[in-house]
Amino acid sequence: MTLNESLFKYSLRLGDTSLILAQRLSEWTGHGPFLEEDLALTNITLDLFGRAKSLLEYAGKVEGKGRTEDQLAFFRTDREFFNALITEQANGDYAKTIIRQACIDCFDLLFYSELAKSKDNTLAGIAQKSVKEITYHKRHSFSWVIRFGNGTDESKQRLKKGFEEIWEYTGELFEMNAVDEVLIKEGIAVDLSTLKTNWTKEISELLQSAHLTMPEGTYMHTGSRKGLHGEQLGLILAEMQSLPRMHPEAKW
Amino acid sequence: MSDSQGPLWEVFVQKKSGQPFVHCGNLHAYDKEMALQNARDLYTRRGEGMALWVVPSDAIVSSSPEDMGSFFEPANDKIFRHPTFYQIPDGVGHM
Amino acid sequence: METVNFENVFEAKLAKNDFIEPKDWMPENYRKHLIRQISQHAHSEIVGMLPEGNWISRAPSLRAKLVLLAKVQDEGGHGLYLYTAAESLGTSRDEMLDALLTGKAKYSSIFNYPTLSWADVGAIGWLVDGAAIMNQVMLQRSSYGPYSRAMVRICKEESFHQRQGYEIMTHLAFGTPAQKEMAQDALNRWWYPTLMMFGPPDRESPNSENALKWRIKRETNDELRQRFVNQTVIQAEYLGIEIPDKNLKWNEARKAYDFSEPDWSEFKNVIKGNGPCNKERLLARNKAHHEGEWVREAAAAYGKKLQENKIAA
């Protein structure tokens, strides 16, 4: 794989992951558990859409075929999307949304802190901005995990169930393929294997403070690096892309 | 008053370093950390501030309207507290 | 001992254009009127998140998505500012939400209409927010301090809402024929419901007199409605789409547009609960509220444990 091709796919992977997570989170806007929290989560959603936009815009530039961020977001099929599987999972209840967010925020902060040192100036720039945002996202999601774990029996049960549901999608966050190999050599991409120890440590500490334990199961789903997703992504895209696809020549 | 939405808080925002913290509104939150985060998410969405205070509303002590006369009117005739009360001769420079 | 005549103090403040603050004495009717008006306004913002929220997942560009999300979020914020302003009058958010969720409280009837196309998102920003801003600008000068301050903040934030709506309309009106048709269809459907937003005609408005006297309202429904029409005609002309009113005509003598009144029987029907989306809107609010109940309980339980030092913070 050429350097350019790898950089394109890498940017898509990061952009798609932000985009699909944001699309999922945006389902909460106007339907949150109470007003203040509705607004708080929407701020996080806005940051994620913003990051997706920057990354897809860059992907388009790298590809060099004149595709804009919108063409990439709205005119690719599910097999051409590289978002991590964890992001397309249904929101479930607020506990599941929060624990998924905590797992991703924890990963993202480690990841983007490293990417901020990338030799690719654009990715480094996007990462530097993102680190500030994610630091706050993580503070938000972690504090809610602790609230749920120490709140009521019901909240603790829901948190536990939510965590069990998303756990098997967390392993994929650390998967690497030829894309990573090419880019790590150039000092562009982050070696994901270096993040895992810290991530596992932080998450198990978080679970501890919420009176939960790491699950025993070690089976992890995989596929998104190759563009293989669950059934849900097709539905997300069908909805998200409907308008531009119905009017392909229109500008909005 | 029982409220399942959590206690009420007062939010103060400092616009720029060095400036006073100014009251900007209220919110509901169930604990201090949440109050601070909610204040950030609600009242600084447009870059309105550099620093925040949140205070439980029931910690605020306020003067009542009946106090108005006895509290504030006595200050009105203390004009000697203001610099314009005094005459300074010309030619001594700024004072 | 000298007794203060509170009513005189209150009247004197109104006469001087001073503000009434939460702890000030106020006539019971003034308090009631304000609680009703402010909480209805708050409910309108909260329910108003739903029709536009319907398009968040389908906004046709990433930019449009960001803008729409921020706007819907702002509406939530405005609801929140208003709820706290009403709370300062001695009601609680629980009580107000209960009234909304059980269908006892009213909110702006405009939000009981469906958003059928992307152009509706544009039309809501352009027309509905345009009408709302007119009302809100007036309310910045209302006599109740917390309400007035909430309005100042809201107006500042709202200023982008109408612009974003009109921008959507321009993209559509100057876009493909299908887009232009979408824009015209949205104008056709939203025009009269928007005119209804200013409330019943002055000849039938029972609450206006006190509201004007108390400076809770500063202009009449008909005055605001006329101003809205005057300002909107030129904007529709620029877009090249037609306001669905055969009687719309400039009246040189009045220096204002003559226009058809909306169908007030439809207005009354929607208020009674028979609008196209009344039930859906209330169902959506109830669903969110009930599904959020355990979250609020958990947060309250955790907050209590923190206060009792049962958890290391």
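With coordinates expressed along the principal axes, the C-alpha atoms belonging to chain B extend over 64, 36, 17 Å, beginning with the largest. Spin-label model, B:I60 to C:R163: label points 7 Å out along the Cα-to-beta-carbon direction sit 3.2 nm apart. Once both labels are modelled 7 Å past Cα along the beta-carbon direction, what's the B:D67-B:F85 spacing in nm? Simple spin-label model gives 2.4 nm for this pair.
When Lys and Arg each count +1 and Asp and Glu each count -1, what net charge do the other residues less than 10 Å away from A:G30, Cβ to Cβ, add up to? So the environment of A:G30 carries a net charge of -3. About the centre of its Cα atoms, the protein assembly as shown shows a dipole size close to 700 debye [charges on the beta carbon of Lys, Arg (+1) and Asp, Glu (-1) only; nearest 20 debye].
Calculated FRET efficiency, C:R36 to A:M1, Cβ-Cβ distance, R0 = 56 Å: about 0.25 to the nearest 0.05. The alpha carbon centroids of the stretch A:1-67 and the stretch A:117-162 are separated by 16 Å. With respect to chain A, whose longest principal axis is taken over its alpha-carbon atoms, helix A:3-25 is tilted by about 40°. For chain A, the longest principal axis of the Cα atoms and the long axis of helix A:153-167 meet at an angle of about 30 degrees. Computed about its Cα centre, the charge dipole of the stretch A:114-252 is approximately 480 debye, with only Lys, Arg, Asp and Glu carrying charge at their Cβ. Inter-chain neighbour count for A:144-156: the average number of beta-carbon atoms from partner chains within 10 Å of each residue's beta-carbon is 6. Along the charge dipole of chain C, pointing to its positive end and built from +1/-1 on Cβ of Lys, Arg, Asp and Glu, which listed residue (C:L187, C:Q73, C:A15) has its Cα farthest out? Checking the options against the dipole of chain C, the answer is C:Q73. The alpha-carbon of C:K255 sits under 27 angstrom from the alpha-carbons of these lysines, leaving out residues fewer than 8 places away in its chain: C:K217, C:K246. Anyone know which of C:Y107, C:Y257, C:Y144 comes out most mobile in the 10 Å Cα GNM of chain C? In the Gaussian network model the winner is C:Y257. Kirkwood hydrodynamic radius computed over the stretch C:193-288 comes to 15.7 Å, based on all pairs of distinct alpha carbons. Charges on Cβ only, +1 for Lys and Arg, -1 for Asp and Glu, centred on the Cα centroid of chain B; of B:I79, B:G47, B:F12, which one is farthest towards the dipole's positive end? Result: B:G47, furthest along the dipole toward the positive end.
For the stretch C:249-298, the alpha carbon positions stretch 64, 22, 11 Å along the principal axes, listed from largest to smallest. Across peptide B:59-67, the average count of Cβ atoms from other chains found within 10 Å of a residue's Cβ is 3. Restriction of the trypsin sites (Lys or Arg not before Pro) in the stretch C:98-191 to DSSP coil positions whose beta-carbon has at most 10 other beta-carbons within 10 angstrom yields C:K104. Of the trypsin sites (Lys or Arg not before Pro) found in the stretch B:15-95, those that fall in a DSSP loop while having at most 16 other beta-carbon atoms within 10 Å are B:K15, B:K16, B:R46, B:K78.
The angle separating the long axis of helix A:94-115 from the principal Cα axis of greatest extent in chain A is about 50 degrees. Pairs of alpha carbons in chain C separated by more than 38 Å make up 19% of all such pairs. Convex hull volume of the Cα atoms of the stretch C:1-127, normalised per residue: 137 Å³. Protection proxy ranking for A:101-108, C:246-253, using the average of other Cβ atoms within 10 Å per residue and placing the highest first: A:101-108, C:246-253. In the elastic network of chain C, a GNM with C-alpha springs shorter than 10 Å, the most mobile of C:A70, C:A173, C:A132 is C:A70.
Across the protein assembly as shown, counting alpha-carbon atoms alone, Rg and Dmax equal 27.7, 93 Å. Shown for the stretch A:3-246 is the translational diffusion coefficient from the Stokes-Einstein equation, using the Kirkwood radius over Cα pairs, a temperature of 10 °C and a viscosity of 1.306 mPa s: 87 µm²/s. Taking a threshold of 19 Å on the Cα-Cα distance, which of the pairs C:K65/C:K279; A:K96/A:K138; C:K23/C:K304; A:K9/A:K119; A:K138/A:K226 fall above it? Flagged as over cut-off: C:K65/C:K279; C:K23/C:K304; A:K138/A:K226. Just checking the listed ones, C:N17, C:N112, C:N54: in the Gaussian network model of chain C with Cα springs under 10 Å, the one fluctuating most is C:N17.
Partner shielding of B:8-18 amounts to 1, given as the average count of beta-carbon atoms from other chains within 10 Å of each residue beta-carbon.
Where a number appears in this text, it was derived from the coordinates with a stated rule and is not lab data. Computed from a predicted model, the values in this text were never measured in an experiment. Glycine gets a Cβ as well: all are built from the backbone with ideal geometry, and neighbour counts include every protein chain shown.
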